[in-house]
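J.: One structure, as structure tokens, below. Some questions next.
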Amino acid sequence: MSGIPEGKDDVDLEALVNDVSASLESLYPACSMQSETVPLLQNGQHARSQPPPSGTRSLQPQASPRLQVQRSQPVHILAVRRLQEEGEQFRTSSLPAIPNPFPELCGPGSPPLLTRGSLPPSQAAAKQEVKIFSEDGTSKVVEILADMTARDLCQLLVYRSHCVDDNSWTLVEHHPHLGLERYLEDHELVVQVESTLASDSKFLFRKNYAKYEFFKNPTNFFPEQMVTWCQQPNGGHNQLLQNFLNCSSCPEIQGFLHVKDLGKKSWRKLYVCLRRSGLYCSTKGVSKEPRHLQLLAGLEDSSIFSLIAGRKQYCAPTDYGFCIKPNKVRSETKELRLLCAEDEQGRTCWMTACRLLKYGMLLYQNYRIPPQRKPLLPSFSTPVRSVSENSLVAMDFSGQTGRVIENPAEAQSAALEEGHAWRKRSTRMNILSSQSPLQPSTLSTVIHRTQHWFHGHISREESHRIIKQQGLVDGLFLLRDSQSNPKAFVLTLCHHQKIKNFQILPCEDDGQIYFSLDDGNTKFSDLIQLVDFYQLNKGVLPCKLRHHCIRVAL
């Protein structure tokens, strides 16, 4: 031993360790990378920075980082495999076997762990930006969820615009290049509809009082001469809507319509009938035999639109046009099925019947659910009371407590007395606030301009267009400046789907200026008192003022 040089033992030991490491790498190449980073314990679990047991001296020098890592021992892995093969012998006989409730996760074809991208993306959590326009041209970009319906978005816009939610706000799908627009149903998904829009199409936020008016008064929407039955209905004509909503009954809408030929400019007047399977025209007079019926359009994959300017853009014979547009059509006009009715009632009947036959019970659920539903978010807790929607009753506050006046004659006399009291109070206020008794109060002449029902200096045609856009229902009105008399105003009112205009003239009484609709018989100090009075009393008007046309700036 004295002849061996100093340090020879260390050199041989290091060479021996290197040879063993090379042998292990050649035997287990697959486990080399994993073993270099994470060593295994005897139970098969991973351990990081596990300290060596006491009394064991590391054979690897501290200077080599590669040799610092402890490698897993193959003998322990073999022991685990042996236990798995002989599991039946080592399993306690007193404990029953527990079956695996998820065998598909432990199969050889699927890994037990879910990796990124193995699950489909959640559409409910996805958000998308939608741009909404108002009637005055203003717009707002709203971030919505992918599963948000048109009704939900209207609630959100109502809350952000600080207006009253009376379940009559709607989204309008507007196509200016096609001259078409329609009101989205409350249950339709906004993101799904937006995916079918062209580049210049947009959404409008607008009132539509006639959205569910046919549930309240169906006789105004479905004339008896236009409705027939494929089989005898149960209950007669009074069960019209029930038979529309019932899939077993088959109501039909029949009549003459002007039909535009596909790809041509010519129009033909044909006898048309609407069934659940689609819209058909008769090739022989008014015959409805199957051999004489030709399919014009289906309703399943189509939507019903109104023509905005049918005469100018499509040379329509009347102003009461509508269209059955396939959902796949974006900006082409060749596949549009354009039709025209003779009057507004006929067009409303056809379009309402198409909605009922297409959606059925969904429309009735949309009509019944909104008054009972809860707000989507706590911040949506806005007041829902609207004068145009709630019933107004006569009250007597002469005593210590108020009471409801149930006698109609007493209610009418109370309304007249209240009108006289208004005039007396307004007279005193005008005398106190005016510099001269002969000059009207400045406030009374301009205070109406702050009201939503006053639309300022617009033409007669524009006022009629606004009334038609927001629904031809009884009592829908607006006030505007008169074009013929600069000191007068005009009340535009809808009754029985017809628009009428009533001039409000100023009159002088005892040196004071009043406004009147009936040549001075009933006078009001300002237009706000006039509107409030005719919301409670019909007077000389054909009906009471129920709904006012409103335009909200987003």
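The values are calculated or read from the model by the stated rules, or taken from the named source; none is laboratory data. Remember, predicted model here, so these are calculated numbers, not experimental data. Here the Cβ positions follow ideal geometry from the backbone for every residue, glycine too, while neighbour counts run over all protein chains shown. In case anyone asks, the SASA skips ligands and DNA or RNA and just uses the protein heavy atoms, side chains included. Shrake-Rupley method; radii C 1.70, N 1.55, O 1.52, S 1.80 Å.
J.: For the cross-link pairs K284/K498; K264/K325; K216/K468; K328/K498, which exceed 25 Å when the distance is taken from alpha carbon to alpha carbon?
T.: In this structure, K284/K498; K328/K498 exceed 25 Å between Cα atoms.
J.: At 1.4 Å probe size, with no ligands or nucleic acids counted, give the accessible surface of Y183 in Å², nearest ten.
T.: The accessible area of Y183 comes to roughly 60 Å².
J.: Which value, in Å² and to the nearest 10, is the accessible area of M226 when all protein chains are kept and the probe is 1.4 Å?
T.: We get 30 Å² for M226.
J.: With a 1.4 Å probe and every protein chain left in place, tell me how much accessible area D136 has, in Å² to the nearest 10.
T.: Here the residue's solvent-accessible area equals roughly 90 Å².
J.: Note down the net charge around R311, summing +1 for each Lys or Arg and -1 for each Asp or Glu among other residues with Cβ under 13 Å from its Cβ.
T.: Charge balance in the 13 Å sphere: +2.
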